[in-house]
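One structure is given here, and the rest of the page talks about it.
The values are calculated or read from the model by the stated rules, or taken from the named source; none is laboratory data. All of these numbers come straight from a predicted model, not from anything done at the bench. Note: ideal-geometry Cβ built from the backbone for every residue, glycine included; neighbour counts use all protein chains shown. Surface accessibility is based on the protein's heavy atoms, side chains included, excluding ligands, DNA and RNA. Shrake-Rupley method; radii C 1.70, N 1.55, O 1.52, S 1.80 Å.
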Amino acid sequence: MKNNKGYRNSEGTESMSQAAKLAVIAGAITTLGDALATIAAGLALEDELKENESINNDMDKLQKQIDDLNYEMKQLKKMFR
């Protein structure tokens, strides 16, 4: 009977050891997933910033065109007076 109890204890320890290993593997996978999510968020933010920069450049060009047209309109008004 003593052997059976010893065998059960060994089996229980092995089971706990497997559970601990699985917990470590699960933690590693979770950490990897979080890292990938962080990288994806960084890339999305970078894309958004580039898009905003492009929009700002387009708006600056449009504003320059409006300013140039206003200047030309003023010049034309002066010519017709």
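Listing for the model above:
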| item | result |
| --- | --- |
| Separation of the Ser15 and Ile55 label points, Cα + 7 Å toward Cβ, nm | 5.9 nm |
| Hz values of 3J(HN,Hα) by residue in the range 16-33 - Karplus curve (6.51, -1.76, 1.60), Gly and Pro given as x | 5, 5, 5, 5, 5, 4, 5, 5, 5, 5, 4, x, 5, 5, 4, 4, 4, x |
| Derived scalar couplings ³J(HN,Hα) [the range 43-58; Karplus, 6.51 cos²θ - 1.76 cosθ + 1.60; whole Hz; x for Gly, Pro] | 5, 5, 5, 4, 4, 5, 5, 5, 5, 5, 5, 5, 5, 4, 5, 5 |
| With every protein chain in place, the chain: carbon and sulfur % of accessible area (1.4 Å) | 61 percent |
| Residue-normalised accessible area of the chain, expressed per residue, 1.4 Å probe, Å² | 96 Å² |
| Calculated [θ] (222 nm, deg cm²/dmol) that DSSP helices of n ≥ 4 give over the chain, each run adding -39,500 (n - 2.57) | -37500 deg cm²/dmol |
